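Just below is one structure, and these are the notes that go with it.
The values are calculated or read from the model by the stated rules, or taken from the named source; none is laboratory data. None of these values were measured; they are calculated from a predicted model. Here the Cβ positions follow ideal geometry from the backbone for every residue, glycine too, while neighbour counts run over all protein chains shown.
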Amino acid sequence: MDLLAQPVESITYQDVVAFCDQKVGEGAVLDYKKEIPRDLAKHIAAMSNRYGGLIIIGVEEDRQTGTPSLYEGLVNDGKLVERGNQFAYNVRPLPSCLVRTTDLVNGKVFLLVRVSEGGSPPYTTTSDPTIYLRTGNVTTPLRPADAEIVRDLYAKRDLAVALRTQNVAQASARLQAVIEQQDAETSRLLKQQEPGEQTAPAGLLADNLRLLTAYLQPFYPQYELAAPRVIESKLKDLRLQRATGPFFPDTQMRPIARGMMSIQANPRYFRFSCQQLYANGLFHHAENTARPNAESATDISLEDVARVFYLTMLFSRRLYAQFGYQGLVRGNLSLANARGRPVRIIPLARRPYDSTFPGLRPVTIDDEYAWPIEADTHQLNDDDWLQQYFKDQMREIYWDLGYSDLRPDVLDTFLSRLGVEAETAAG
């Protein structure tokens, strides 16, 4: 029995008892607590600063050996997880940790706190600026002599930012290269077109781009989740199958350096989407929202924004769960070339325009819009958290694009219409 490698959600009361029966001693990644300590936030920060680990509360250890001596659990008052999360919220930056209880046995449970190695050290608590580390089987403060360790912690944070920035720049460059290739082909067809012929595209994609982009990646993408071929072999099971519409991501992915890419394009109507998936965990989706030769073609559709946002988070959580990544994730949702475009709300009905649609639509003022995506994998795997986060973010997006109110039932209807929640949760 190795609780350190077992998903915390599946650990039972008897699993903890069996683990303690083995007399496994405390260490850098394992800590026992008889009760919830008043300084639990300090211990979460300390583990985040090093290798992560597991805190098992409800176990009394032998002071001499660090091995379990009494392990009967805690009386379940129904608020243990809430109290544990409150301590986690007192750590800055917010750590990647999951607080859970085991099943109930004789009125008692064990409280488990799984802490992931932090990608944004150093971690401290809101009440104490001291930097703590998990050293051996104790939590110790850094001394002035430990300045080199502090520099290493800050260097790790800076490296994480640099790697994420580099990944996005690479994906953006490849997206631009694809657009240029599409336009080169369009130019070739235009030159071959006879006067009066209507078979070739009407213009260049780059001149008609209104890009909606979403991406998500690990906070510290230093290592690959798996080789690209291995990821490709799992895509059939990872893709989201919507009630209506195509798979997400697309089924036609071709190899690129350390990843894969799909391109969907209809030059005549400037329909275009490009998806990139990399071995380091970056998923990058971009699509053109302009629809020439169609009613309200220049509108920004908030339904498109919501669809891309939600599906990107759903697919990413599947990807990370499949390949065992646990930790912080960061990303962005953005609109480009948006200035002067009317904004269309999400309809309650399936028809393109809801009968309650306001007569005067807001018109965008800014040319570029961007909304950060910040979470950790534990949160992504929690359906309730994910849907609430999505709704909160969509309210911010509505506001930024000119709408002061978002009816509560609109997003519930949208999620139901999208038709992927049950299938995704089951996966």
Looking only at the stretch 158-191, which residues are among the hydroxyl-bearing types (Ser, Thr, Tyr) and in contact with a Phe, Trp or Tyr (Cβ under 7 Å, 6 or more places away or on another chain)? none
Subset of the stretch 31-52 that is touching a Leu at 6+ places or on another chain (Cβ under 8 Å) and touching a residue at least 40 places away in the same chain (Cβ under 8 Å) - its residue that is farthest from Pro68 (Cα to Cα): Asn49
Provide a single number: the residues in the stretch 59-74 that are in a loop (DSSP other than H, G, I, E, B) and not acidic (Asp, Glu). 6
Look at Arg164 and say whether it is at pLDDT 90 or above, surrounded by 12 or more Cβ atoms within 10 Å (Cβ to Cβ) and assigned to a helix (DSSP H, G or I). yes
Examine the stretch 72-82 for a residue that is among the acidic types (Asp, Glu), within 26 Å of the chain's Cα centre (by Cα) and surrounded by fewer than 21 Cβ atoms within 10 Å (Cβ to Cβ), and state whether such a residue exists. yes
Conditions (1) in contact with a strand residue (DSSP E or B) (Cβ under 9 Å, 6 or more places away or on another chain); (2) of a type in the set (A, V, I, L, M); (3) without any contact (Cβ under 8 Å) to a residue 24 or more places away in the chain -> Val24 fails only (3)
Residues (over 15 Å from the mean Cα position of the chain (by Cα) and among the β-branched types (Val, Ile, Thr)) located in the stretch 371-411: Ile397, Val410
If you scan the stretch 191-233, which residues turn out to be more than 27 Å from Ala169 (Cβ to Cβ) and modelled with pLDDT of 70 or more? Lys191, Gln192, Ser233
Among residues of the stretch 309-367 being of a type in the set (Ser, Thr, Tyr) and outside any helix (DSSP H, G or I), the residue modelled with the highest pLDDT is Ser334
Is it fair to say Gln14 is assigned to a helix (DSSP H, G or I), surrounded by fewer than 15 Cβ atoms within 10 Å (Cβ to Cβ), more than 25 Å from the chain's Cα centre (by Cα) and among the polar types (S, T, N, Q)? yes
Applying the selection to the stretch 148-171, what residues are closer than 19 Å to Leu216 by Cα and either in contact (Cβ under 8 Å) with a residue 24 or more places away in the chain or more than 21 Å from the chain's Cα centre (by Cα) (or both)? Arg157, Leu159, Ala160, Leu163, Arg164, Asn167, Val168, Ala171
